[in-house]
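*Asks:* Here it is: the structure, laid out below.
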Amino acid sequence: MSASLGQFGVRGLEARRDWPPITVEEASHVLRAFGEDTHDLAILQHGRRPFSATGLIALRGGRQVVLKRHDHRLRDAAALAEEHRFAAHLAKAGLPVATPLQTTNGLGVIAENNWTYEAFTPLPGLDRYNDVQSWSPFSTTADAHAAGAALARLHRASTGFDRPGRSARPLISSCRTITQPDLLAALSMWIPRQPGLRAALAQRPWQEDIARDIVPLHARLIPLLTGIVPLWGHGDWHGSNLIWDSDNPQVCGIFDFGMADRTCAAFDLAVAIERSMIAWLNPDHAAPVAYDDLTALIAGYGDVAPLRPAERALVTAFLPLVHVEFALTEVAYYAALLGDPASADVAYRTYLLGHARWFASAQGKTLLRRLSAMLDTLCASP
């Protein structure tokens, strides 16, 4: 895949790239520190996902490695260590997850020139959704069912990983503010701790906007807050973060824990619905919700890990809110880190507020009502 193919961004597929593609010289230098033989190294593919640069690297003897580079302001060594510890716990529990290569000094991260690097051996199977953007449906309902079952297995495997939630990191699927009874007060304390966010919001009436568009949605969650059972979740569950069996619609690998955090199973399931079941990039389409996929996802999850009534209610209440903290840090990411005010405006108006308004619309209310019925029918604990 050529770097000229651009990246997935807030406007869909974009010709530009926010982060320069990994070069052969760079990959050779970094992978030597991971103990790899880099003679005759070649880059087979450049990833199009935003927020970092990735490359699929071919080494001698047919060996392949995925190399990922982050700006240290997004993911420093400590941040990647948080993700690696969670992946290691899941691997120990028997889940087929991508775990990082170790350097010759026994480290999973290389920090150099304001970049941080991590490397992985590709998981066996097919990366069938590599060219599919988030907010796109699954190819088949069988895939959606398999994704739901795999997410339930991840949540079961996550049990016992009791480390506290992540530090004040940008671009993670967190729920620190929305799980507080007073959302605006919680945001007023949380926003100054997020790098660049207070400045990015300085000229926006964010309190008034959130009070109008998001607080009414949050009111439905408040009575359910006491039912939350904390659990680390994946945070970005969609087809392109999964590896698929070549012969059957089964998930045989899980990767990219960059948005993982200590949330709860209901929140993480709601994230999975938000990522793949609503055509956010085409919200005016006559049928923006992939209801067949949604039914299959919920059924797959329920086959493995049925939910108690309180958890089922939380999924529906979380769904209009799971994007709030991520969207706000995305505003800061574009405004402060990339100096891209136009994309910051899209993140604020279209993502943060626009998605909330959609859930208050007739289509959004229909989704929430149907989702609640699906959960009670397909995901109820005995």
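The values are calculated or read from the model by the stated rules, or taken from the named source; none is laboratory data. As the structure is a prediction and not an experimental result, all values here were calculated from the model. Here the Cβ positions follow ideal geometry from the backbone for every residue, glycine too, while neighbour counts run over all protein chains shown. We work out accessible area using only protein heavy atoms, side chains counted, and drop any ligands, DNA or RNA first. Shrake-Rupley method; radii C 1.70, N 1.55, O 1.52, S 1.80 Å.
*Asks:* Does Leu225 meet the test of being part of a strand (DSSP E or B), in contact (Cβ under 8 Å) with a residue 24 or more places away in the chain and either exposed (fewer than 14 other Cβ atoms within 10 Å of the Cβ) or not charged (D, E, K, R) (or both)?
*Replies:* Taking the combined requirement at face value, the residue does not satisfy it.
*Asks:* Only one of (1) open to solvent by 30 Å² or more (accessible area, probe 1.4 Å); (2) assigned to a helix (DSSP H, G or I) is not met by Leu187, so which one is it?
*Replies:* Evaluating Leu187 over (1) open to solvent by 30 Å² or more (accessible area, probe 1.4 Å); (2) assigned to a helix (DSSP H, G or I) leaves (1) as the failure.
*Asks:* Right, something else. List the number of the failed condition for Thr116; all other conditions in (1) over 23 Å from Trp244 (Cβ atoms); (2) surrounded by fewer than 18 Cβ atoms within 10 Å (Cβ to Cβ) hold.
*Replies:* (2) is the only condition that Thr116 fails.
*Asks:* Scan segment 167-183 for residues that are buried (at least 21 other Cβ atoms within 10 Å of the Cβ) and either in contact with a strand residue (DSSP E or B) (Cβ under 6 Å, 6 or more places away or on another chain) or among the hydroxyl-bearing types (Ser, Thr, Tyr) (or both) and report the count.
*Replies:* 6
*Asks:* Restricting attention to segment 228-247, report how many residues are touching a residue at least 24 places away in the same chain (Cβ under 8 Å) and out of contact with any strand residue (DSSP E or B) (no Cβ under 8 Å at 6 or more places or on another chain).
*Replies:* Total satisfying the criteria: 5.
*Asks:* Here's a follow-up. Determine whether segment 297-310 contains at least one residue that is farther than 22 Å from Ala142 by Cβ and in a helix (DSSP H, G or I).
*Replies:* Yes, that holds for at least one residue.
*Asks:* Okay, next question. Does segment 64-72 include one or more residues that are in a loop (DSSP other than H, G, I, E, B) and in contact (Cβ under 8 Å) with a residue 12 or more places away in the chain?
*Replies:* yes
*Asks:* Asp162 versus (1) open to solvent by 50 Å² or more (accessible area, probe 1.4 Å); (2) closer than 23 Å to Gly302 by Cα: which is the lone unmet condition?
*Replies:* Tallying (1) open to solvent by 50 Å² or more (accessible area, probe 1.4 Å); (2) closer than 23 Å to Gly302 by Cα, Asp162 fails exactly one: (2).
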